[in-house]
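Undergrad: Handing you a structure now.
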Amino acid sequence: MGLDGDFNLRRLERYLMLAQSCGVAPVVVLTKGDLVHDADAKAAQLVARIPASIPVVRVHALESRAADVLAPWTTAGQTLVLLGSSGVGKSTLTNTLADAHQDTGRVRKGDDRGRHTTTSRSLHLCAGGACVIDTPGLRAWQPDADEEDVGAAFGDIDALAAHCRFHDCTHGEEPGCAVRGVVDADRLRNYHKLLREVRHAAATPLDRIAERSKWKVLNRMAKARAQAKR
Ligand SMILES: Nc1nc2c(ncn2[C@@H]2O[C@H](COP(=O)(O)OP(=O)(O)OP(=O)(O)O)[C@@H](O)[C@H]2O)c(=O)[nH]1
Ligand SMILES: [Mg+2]
Ligand SMILES: [Zn+2]
């Protein structure tokens, strides 16, 4: 992820879930810290928000020092795949790590978005012996994940939730909640959003029809109650 206009913690949490749901150990690589004045603050915000078990590193993707920073993950036998939006520097980093010649592209002024320079995946050999896969920037994706994957990616929330007073606590207004106030509020909102998404994706058309008619009935009852009051 870029520390420029690309920086988005909710999106990062999605990427982390994607990696973890496939059994891939994620490493957060922050690029472009050299281009902005609030790089330290953004990096600190990220580190405070995600579980400490996930490594976070900062690189200038064009500099050879980036290879030193990533050395723990580029030894023989390891395979890396670079994921991230267009323009964050995946191909630039591939060139630095593997002495490759991937095309790189300039980003748009204003929103720092890339132009989808890379259009196919390719595998390159790093000096340390690892393989690195450069990929096209992701445009948008639906998580191919289930509730268990969301729970695993947000393990900090699940672990704290075990201490909530109510076992079905939604970490909203309930008294005795062990999550609210401890986990970053936006991380908690993103967790609920992703849960809703995977539940919706898992629902069969029949489930959805049943859900819709349930709401229709509830709405009708609410309307009737409101009218009765008048
Ligand atoms: N200043 C600075 N520029 C960077 C850094 N990383 C990448 N860039 C520049 O950002 C632009 C986009 O880099 P790319 O490597 O093409 O990005 P990408 O992630 O491969 O993008 P797609 O192939 O479109 O998905 C290039 O002009 C790079 O030189 C960095 O850490 N600092
Ligand atoms: Mg590229
Ligand atoms: Zn709770």
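The values are calculated or read from the model by the stated rules, or taken from the named source; none is laboratory data. Small disclaimer: the values here were computed from a predicted structure and weren't measured. Neighbour counts are summed over all protein chains in view; Cβ atoms, including those assigned to glycine, are modelled from backbone coordinates with ideal geometry.
Undergrad: Val132 is checked against (1) more than 9 Å from ligand 3 (Cβ to nearest atom); (2) part of a loop (DSSP other than H, G, I, E, B); (3) touching a Leu at 6+ places or on another chain (Cβ under 7 Å) and fails just one. What number does that condition carry?
TA: (2)
Undergrad: Continuing with the same structure: Do we have Ser53 as free of Cβ contacts under 8 Å to residues at least 12 places away in the same chain, of a type in the set (Ser, Thr, Tyr) and more than 16 Å from Asp6 (Cβ to Cβ) here?
TA: Yes: the conditions hold for Ser53.
Undergrad: Okay, next question. Please state which one of His60, His101 is over 30 Å from Val182 (Cα atoms), free of Cβ contacts under 8 Å to residues at least 12 places away in the same chain and not charged (D, E, K, R).
TA: Only one candidate qualifies: His101.
Undergrad: Are there any helices (runs of 4 or more DSSP H) wholly within segment 1-76 with 3 or more residues that are over 23 Å from Leu188 (Cα atoms), and if so which?
TA: Counting at least 3 such residues, we get 65-69.
Undergrad: Taking segment 81-112 as the search range and keeping residues that are buried (at least 18 other Cβ atoms within 10 Å of the Cβ) and of a type in the set (D, E, K, R), which one is farthest from ligand 1 (Cβ to nearest atom)?
TA: Checking each candidate, the answer is Asp112.
Undergrad: For residues in segment 113-146 being closer than 24 Å to Asn190 by Cα and either modelled with pLDDT of 90 or more or within 10 Å of ligand 1 (Cβ to nearest atom) (or both), which is surrounded by the fewest Cβ atoms within 10 Å (Cβ to Cβ)?
TA: Arg139
Undergrad: Can you name every residue in segment 111-127 that is assigned to a loop (DSSP other than H, G, I, E, B) and not β-branched (Val, Ile, Thr)?
TA: Across segment 111-127, the qualifying residues are Asp111, Asp112, Arg113, Gly114, Arg115, His116, Ser120, Arg121, Cys126, Ala127.
Undergrad: On to the next question. Would you check if there is a residue in segment 201-208 being under 24 Å from Leu18 (Cβ atoms), within 16 Å of the chain's Cα centre (by Cα), assigned by TED's automatic domain parsing to the domain that holds Asp156 and part of a helix (DSSP H, G or I)?
TA: no
Undergrad: Can you confirm whether segment 152-169 contains a residue that is of a type in the set (Asp, Glu), within 16 Å of ligand 3 (Cβ to nearest atom), outside any strand (DSSP E or B) and within 20 Å of Leu12 (Cβ to Cβ)?
TA: Taking every residue of segment 152-169 in turn, at least one turns out to be of a type in the set (Asp, Glu), within 16 Å of ligand 3 (Cβ to nearest atom), outside any strand (DSSP E or B) and within 20 Å of Leu12 (Cβ to Cβ).
Undergrad: For segment 1-49, name all the residues that are over 21 Å from Ser86 (Cα atoms), without any contact (Cβ under 8 Å) to a residue 60 or more places away in the chain and polar (S, T, N, Q).
TA: Gln45
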